[in-house]
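Working notes for the structure below.
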Amino acid sequence: MDFAAALQNLNWLAVLGAALSTFLVGGLWYSVFEKSWMDANNFTTEDLKKRNMPMVFGMSLFLAFVMALNLALFIGKQDAAFGATAGFVTGFGWITLAIGIISLFENRPLMYVLINGGYIIVSFTLMGAIIGAWK
């Protein structure tokens, strides 16, 4: 199947739903781990107030959509179990381990990898399950 045909066969609502699910997971995840996340990044409350939140959320939604699209193209017509497995393997095997490598060079604490990697693993697993289930 060519790329154009693959795009035509996608469930675009599932891709959007999967992208939006990262916001739900992120909101819950980082509210639970907020203090540890701030410590791991050496952030203060004042640092966080300097962010341009409309830009942060807008770009995050765009990037989450591209990630969900990529995952959907990989999952294809497979079911929720395959989607969740593909999401987990992607989140753990590629992204979290890449965060781990970067953190070694940036001299980040293990907690940085565990918090951010954990979020990615949960988010990608859920995205894959949504894409695989929503036919």
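Going by what's in this entry, would residue 76 be described as within 17 Å of the chain's Cα centre (by Cα) and either small (Gly, Ala, Ser) or farther than 14 Å from residue 119 by Cβ (or both)? Steps first, answer last, please.
Details: within 17 Å of the chain's Cα centre (by Cα): no; either small (Gly, Ala, Ser) or farther than 14 Å from residue 119 by Cβ (or both): yes.
So residue 76 fails the test.
Taken as a whole, region 75-93 holds at least one residue that is closer than 16 Å to residue 128 by Cβ, at pLDDT below 95 and not aliphatic (A, V, I, L, M). Scanning region 67-81 for residues that are farther than 27 Å from residue 108 by Cα, in a helix (DSSP H, G or I) and either of a type in the set (A, V, I, L, M, F, W, C) or in contact (Cβ under 8 Å) with a residue 12 or more places away in the chain (or both) yields 68, 69, 71, 72, 73, 74, 75, 80, 81. Within region 82-135, the residues that satisfy the criterion of being closer than 15 Å to residue 20 by Cα and of a type in the set (Ser, Thr, Tyr) are 119, 123, 125. The residue that is surrounded by the most Cβ atoms within 10 Å (Cβ to Cβ), among those in region 8-22 that are polar (S, T, N, Q) and assigned to a helix (DSSP H, G or I), is 22.
Pairs are defined by a Cβ separation below 9 Å, a sequence spacing of at least 6 or placement on different chains, a first member in region 107-134 that is over 22 Å from residue 12 (Cα atoms), and a second member that is among the acidic types (Asp, Glu) and surrounded by fewer than 23 Cβ atoms within 10 Å (Cβ to Cβ); the pairs so defined are 109/39; 111/39; 112/106.
From the list 64, 98, 5, 84, which residue is more than 18 Å from the chain's Cα centre (by Cα), aliphatic (A, V, I, L, M) and in a helix (DSSP H, G or I)? Give the derivation first.
Details: 64 fails: more than 18 Å from the chain's Cα centre (by Cα); 98 fails: more than 18 Å from the chain's Cα centre (by Cα); 84 fails: more than 18 Å from the chain's Cα centre (by Cα).
Just a single option satisfies the conditions, and that option is 5.
Look at (1) touching a Ser or Thr at 6+ places or on another chain (Cβ under 7 Å); (2) exposed (fewer than 12 other Cβ atoms within 10 Å of the Cβ) and you find that residue 25 fails only one, number (2).
Can you tell me how many residues within region 103-135 are hydroxyl-bearing (Ser, Thr, Tyr), out of contact with any Asp or Glu (no Cβ under 9 Å at 6 or more places or on another chain) and more than 24 Å from residue 83 (Cβ to Cβ)? Walk me through it before giving the result.
Just the residues of region 103-135 that are hydroxyl-bearing (Ser, Thr, Tyr), to begin with: 103, 112, 119, 123, 125.
When the remaining residues are screened for being out of contact with any Asp or Glu (no Cβ under 9 Å at 6 or more places or on another chain), the result is 103, 119, 123, 125.
From what is left, the residues that are more than 24 Å from residue 83 (Cβ to Cβ) are 103.
Residues in region 103-135 being hydroxyl-bearing (Ser, Thr, Tyr), out of contact with any Asp or Glu (no Cβ under 9 Å at 6 or more places or on another chain) and more than 24 Å from residue 83 (Cβ to Cβ): 1 in total.
Within region 33-56, the set of residues being without any contact (Cβ under 8 Å) to a residue 24 or more places away in the chain and either surrounded by 11 or more Cβ atoms within 10 Å (Cβ to Cβ) or of a type in the set (Asp, Glu) (or both) comprises 34, 38, 43, 46, 47, 48.
Could you say which residue among 85, 96 is hydroxyl-bearing (Ser, Thr, Tyr) and within 14 Å of residue 118 (Cα to Cα)? Spell out how you get there, then give the answer.
Values: 85 fails: within 14 Å of residue 118 (Cα to Cα).
Step by step, each of 85, 96 is checked, and only 96 is hydroxyl-bearing (Ser, Thr, Tyr) and within 14 Å of residue 118 (Cα to Cα).
The values are calculated or read from the model by the stated rules, or taken from the named source; none is laboratory data. The structure presented is a predicted model; accordingly, all values stated were derived computationally and were not measured. Positions of Cβ are generated from backbone atoms using ideal geometry, with glycine treated the same way; all protein chains shown enter the neighbour counts.
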